[in-house]
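Each remark here refers to the structure printed beneath this line.
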Amino acid sequence: MEELNSEQRLPVLDTEGAVLVLAGAGSGKTRVLTSRIEYLIAEKGVPPENILAITFTNKAAGEMKERIERVTDTRRMWVCTIHSMCVKILRLYAERRGLNENFSIYSEQERSAVIKQAFKECGYDDESILKSAKYHISNAKMLGLSPEEYGKRYRYERNIEASMKIYLKYDAHLKAYNALDFDDLLTEARALLAEDGDALAYLAGRFRYIHVDEFQDTNAVQFDIIKLLSSVHGNLFAVGDDDQSIYGWRGAEIENILHFEKSFPKAKVYKLERNYRSTGAILKLANASIAHNSHRKGKNLWTEAPAGEKPVYYEADEELGEALYCARTISELRYHGYKLSDFAVLMRINALTRAFEQEFTKYGISYKVFGGFKFFERKEIKDILAYLRLVSNPFDSEACLRIVNVPRRGIGDRTVQALLEYAEQEDLSVYDAVLDADMLPLNAASKARLKAFGAYVKELVALSQTMPVDALVEHILKTSGMYEQYDDGTDEGAAKRANLDEFKNSVDEYVRMNGEASLSEYLQQISLFSDTDEMDEGDYVTLATIHAVKGLEFRCVFLVGLEENIMPSSRAIDGKDGLEEERRLMYVAITRAREKLYLTRSVSRYLYGRREPTARSRFVEELGGLLDLPKRSDALRYAGGYEGGGRRFGYGFSGGRGGFSGSAPRRVGSYSEGGQTETFGTFGGEKKPPVSFNRATMSVGMPPAAPRRDTSGYSIGTRVKHTRFGEGTVIALRGQDKNLIVTVHFGSVGNKDLAAALAPLEILN
C-alpha cells in the first residue's frame with residue numbers, strides 16, 4: 001500500500017461489489033490491479049483459487065503473476081488471457097459441448113484452409129465468394145452469431161447466402177475434427193455458461209473476486225462471459241480507459257465501459273488521472289486532443305514532473321524529407337545520450353514504413369518493424385519481386401513456384417507436383433519445365449494454363465532487355481493481375497494495393513537516382529534492405545503502427561503521416577464513431593512519449609498509385625494553439641515551393657519545408673535571384689546557424705545534426721566505404737561543411753545522396 005498514491009489506494013481498498021477504475025495512460029493501472037489482488041490475499045485472507053484475473057495478452061498475464069508471487073503461490077490462481085480461461089473452462093466441460101477434452105485449437109491459417117475446403121465442397125469456384133465467406137464467418141463468430149442469426153441480420157450483404165452455406169459446412173468440419181477456432185473458444189464458453197446451470201454455479205461460485213484488465217477492449221461475447229461469471233458474488237473489478245478504446249474494427253465495444261453503471265447499477269467508479277510517464281507539455285497536448293471527443297467519461301491527465309520540451313511539429317514536401325527529418329533528429333539526440341531503443345516512429349498504416357526504412361538504412365540506423373512485416377518482406381511485395389527475379393534469372397525455381405499461380409490462374413497443387421517431378425527427372429529448372437508443358441502428364445486444360453504462364457514470362461524476359469526497370473514494373477503491375485486480385489473492397493485489399501503502389505514509387509526513385517540501372521542491379525540493392533542478419537538484437541528504432549504499441553512507452557516518439565485520409569483514415573471521416581476512435585488512436589500515440597514528441601506530415605505523398613497534395617490532419621488543426629503551425633499560405637506544394645518572376649522560394653530542408661516549435665526554427669526560408677542566395681530566419685530565442693539553399697532540389701536545406709564527422713576530405717573521385725552499402729566512389733558534391741551532400745556510386749546499390757556529416761562513411765583514399 002505504501003507504493004500507491006491516494007487515488008490508487010481507494011479502489012484497492014474497495015473490495016466488495018462492482019468497481020470500475022478509469023485508468024488514464026501511464027497512471028499505474030497494473031500496479032493497482034495487482035496490489036488489489038495482493039491485498040485480498042494478504043489482508044483479507046481470500047484463498048488464491050477464489051480469485052480470477054483476466055488480461056488481454058500473455059505478456060501482461062506473466063507480469064501480473066510475477067508481482068502476485070510476492071505474496072502467494074499463483075499456481076492455484078487463474079491469471080490468464082480470456083482465451084486461455086475459456087480453454088480451461090471448455091476442457092472441464094468438453095463433453096457437454098460435444099467435444100473430447102483433447103480438442104484442437106485452429107490458428108488463422110488452419111481456419112482459412114478448412115474454409116477453403118468447405119468452399120470447394122459447396123461447389124463454388126468464384127474467388128470473390130471465398131473472400132466474402134472468410135470475412136462473414138470471422139465477423140459472425142466475433143459477434144457470437146450462428147449462421148442463421150447472422151444470415152438474417154445481414155441478409156442484404158453481397159454473397160451472404162453462399163457465405164452462410166460455407167459457414168455451416170465449415171462448422172460441420174470443425175465438429176468432425178474435434179476442433180475449435182479462436183472465436184469458438186469464446187462463443188462455446190459463453191454458451192456453456194448460459195445453458196448449463198451446473199457449470200455456471202460451480203465456476204461463478206468459485207470465483208468470488210473477478211478482475212479484468214483493459215476492459216475497454218472487450219467485445220459483446222467477452223462481456224457476456226464476464227457478467228455470467230460474476231453473477232453469484234457480484235465482485236467485479238474492471239480496469240480500463242475509454243480514451244484508449246481503439247479496437248472497434250475487431251469487435252471491441254466501447255459501450256461496455258461507458259455504460260458500466262447501467263450493467264451494474266450499484267457500481268462505484270474511480271479515476272486515475274495522475275500520470276507517471278510523460279512530461280507536462282506532452283500531457284497538455286494529449287488532453288487537448290481527446291477533449292474533442294464527446295463519447296467519453298472524461299479525465300484530465302496531470303503530472304508532478306516538469307513541463308519539459310514543447311512538442312515539435314514539422315512538415316516536409318515529400319515522404320523522404322519527412323523520413324530524413326526523423327533520421328537527422330535521431331542522429332542528433334544519439335550524441336546527447338539517447339539509445340536507438342529510446343525512439344519510436346509511429347504511423348496509422350504500415351504502408352508508410354518504406355521511406356523510413358530507406359533513410360534509416362542510408363544513415364546506419366538499426367530498426368525493426370512492428371504491426372506488419374518489413375516492407376520488402378510483405379507477401380504482395382515478395383510476389384512482385386518474384387516476377388522480377390524470375391525475369392532476371394529464369395533458373396530461379398523458387399521464384400517460379402511462388403508466382404506460377406499468383407494471381408490465381410487455375411494452376412493447382414497436382415500441376416505443380418507434376419512440374420517438380422518433371423524438372424527433377426530432366427534436370428531442368430521449374431521454368432524450363434513450364435515451357436515443356438506438352439511433355440507433362442496433364443490434361444489439355446492444365447497444359448494450356450501452363451503455356452499461357454510460360455508465354456507471359458517469356459514476353460517479360462524479352463521486354464526486360466530493352467525496357468527500363470520502372471517501366472517494366474509498371475507493365476507487370478498492369479498486366480499480371482496483381483492489382484486486381486486485391487480489388488475486393490476490404491481494408492486489407494486496399495492496404496495491399498497501397499503497398500504495391502509504394503513499391504512502384506521505390507523503383508521510380510531508384511531509377512531517378514541511377515539512370516540506366518539494370519534489373520539485376522536493382523534486385524541486388526533490394527537484398528540489402530531485406531537482410532536483417534546484422535541487425536542489433538536490442539538497440540533499434542521501433543517502426544510501428546499505433547495499434548502495435550498500445551501499452552508501450554518510449555523516451556522519444558515521432559508521430560508521422562498526420563494527413564487527412566491517413567490519420568484520420570478515409571474510412572472513418574464520414575462517421576462520428578469512427579472519427580472518435582481515430583482520435584483515440586491519436587491520444588494513444590501521443591501518450592506513448594515520455595520526454596520528446598515530434599508530429600510530422602508530408603505536403604505531398606505517393607500513395608494509392610499516384611503522388612498528390614495532402615491536407616493537414618484535422619487532429620493537428622485542433623491543436624493549433626499548442627503547436628506552431630505554418631500558415632496555410634506557406635503550404636507550398638512542390639520541392640522548393642514555387643517560382644515566378646525569376647525567383648525561386650522554399651521552406652524546409654532537403655526537399656522539405658518546416659513548421660517548427662520549441663527550440664527549433666519558427667520560420668525559416670531563403671530565396672535565390674540571379675544566382676545570389678539570401679537566407680533569413682527566426683530561431684526561437686536560440687542562436688543557430690542559418691539554413692542553406694539547395695539548388696539541386698530548389699529547396700531550403702536544414703543543417704544536419706551537430707557535425708560529428710569531418711567533411712573536409714571529400715572530393716570527386718574519393719573512395720569511401722559505407723557500413724551497409726560497401727565501397728563506392730564520390731561522383732558529385734553539393735553544399736559545404738555541415739551541409740555537404742555527397743553523391744556516391746556504390747557497386748551494390750547504385751547512386752546514393754548522403755549527408756556527409758551523418759552518414760556512416762569511411763574515406764579510403
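The values are calculated or read from the model by the stated rules, or taken from the named source; none is laboratory data. Note that the structure is a prediction, hence the values are computed from the model and not measured. Heads up, the Cβs are rebuilt from the backbone with ideal geometry, glycines too, and the neighbour counts pull from every protein chain shown. Surface accessibility is based on the protein's heavy atoms, side chains included, excluding ligands, DNA and RNA. Shrake-Rupley method; radii C 1.70, N 1.55, O 1.52, S 1.80 Å.
Measure off 7 Å from each Cα along the Cα-to-Cβ vector at E421 and A445, then give the distance between these two points in nanometres to one decimal. About 2.0 nm, to one decimal.
Annotation: the antiparallel percentage among DSSP beta bridges lying fully within the chain is about 45.
For the chain, with only Lys/Arg (+1) and Asp/Glu (-1) charged at the beta-carbon, what is the dipole magnitude about the Cα centre, in debye rounded to 20? That gives a dipole near 1760 debye. Electrostatic tally near V744: other residues with Cβ closer than 11 Å to its Cβ, Lys and Arg +1, Asp and Glu -1, net +2.
A 1.4 Å probe, protein heavy atoms only, puts the accessible area of D183 near 30 Å².
How charged is the neighbourhood of D183? Take every other residue with its Cβ under 10 Å from the Cβ of D183, and add Lys/Arg as +1 and Asp/Glu as -1. Taking every other residue near D183 into account, the sum is -1. So how exposed is D171, as accessible area in Å² (1.4 Å probe, rounded to 10)? That residue has around 40 Å² of solvent-accessible surface.
Report, in whole Å, the centroid distance computed from the Cα atoms of the stretch 717-748 and the stretch 182-198. Rounded to whole Å, the Cα centres lie 65 Å apart. For the stretch 63-120, rounded, prolate or oblate, judged on the Cα gyration tensor with a ≥ b ≥ c (square roots of eigenvalues), a/c < 1.5 rounded, else prolate if a/b > b/c? Cα axes put the stretch 63-120 in the oblate bin. The gain in end-to-end length when the A113 to N300 segment is fully stretched comes to 62.5 nm, 0.36 nm per residue minus the alpha carbon separation. At the residue level, L629 shows approximately 40 square angstrom of accessible surface with a 1.4 angstrom probe and all protein chains present.
Restrict the search to the stretch 139-176; then list the chymotrypsin sites (Phe, Trp or Tyr not before Pro) that DSSP places in a loop and that have at most 10 other Cβ atoms within 10 Å of their Cβ.
Numbers: sites: Y150, Y154, Y156, Y167, Y170; in loops: Y154, Y156.
In loop regions of the stretch 139-176 (DSSP not H, G, I, E or B), the sparsely surrounded chymotrypsin sites (Phe, Trp or Tyr not before Pro) are Y156.
Between the C-alpha center of the stretch 576-624 and that of the stretch 254-274 there is a gap of 30 Å. Relative contact order, whole percent, for the stretch 104-186 stands at 47, derived from Cα pairs under 8 Å and 6 or more residues apart. Put M347, M467 in order of accessible area, highest first, and with a 1.4 Å probe you get M467, M347. Count Lys and Arg as plus one, Asp and Glu as minus one, and take only other residues whose Cβ is under 15 Å from that of C556; the net charge is then +3.
Could you let me know the centre-to-centre spacing of the stretch 466-510 and the stretch 26-87, using Cα atoms, in angstrom? First find each Cα centre; the distance between them is then 49 Å. Note on surface exposure: I54, I731 rank I731, I54 by accessible area, highest first, 1.4 Å probe. Restricting the stretch 305-385 to chymotrypsin sites (Phe, Trp or Tyr not before Pro) that sit in a DSSP loop and have at most 13 other Cβ atoms within 10 Å of their own Cβ leaves Y335.
Tell me, what is the percent relative contact order of the chain, built from C-alpha pairs under 8 Å that lie six or more residues apart?
Answer for the chain is 13 percent.
Sorted largest first by accessible area at a 1.4 angstrom probe radius, with every protein chain in place, the residues E421, E273, E315, E459 fall in the order E421, E459, E273, E315. In this label model, S104 and D539 are separated by 4.6 nm, measuring between points 7 Å along each Cα→Cβ vector. For the peptides 615-622, 38-45, the ranking by packing is 615-622, 38-45, with the highest mean count of neighbouring Cβ atoms within 10 Å listed first.
For the chain, the 222 nm mean residue ellipticity estimated from helices alone, with every DSSP H stretch of n ≥ 4 adding -39500 (n - 2.57) and the total spread over all residues, rounds to -12500 deg cm²/dmol. Separation of the alpha carbons by more than 29 angstrom is noted, of K116/K504; K299/K550; K165/K374; K141/K266; K65/K175; K65/K227, for K116/K504; K165/K374; K141/K266; K65/K175.
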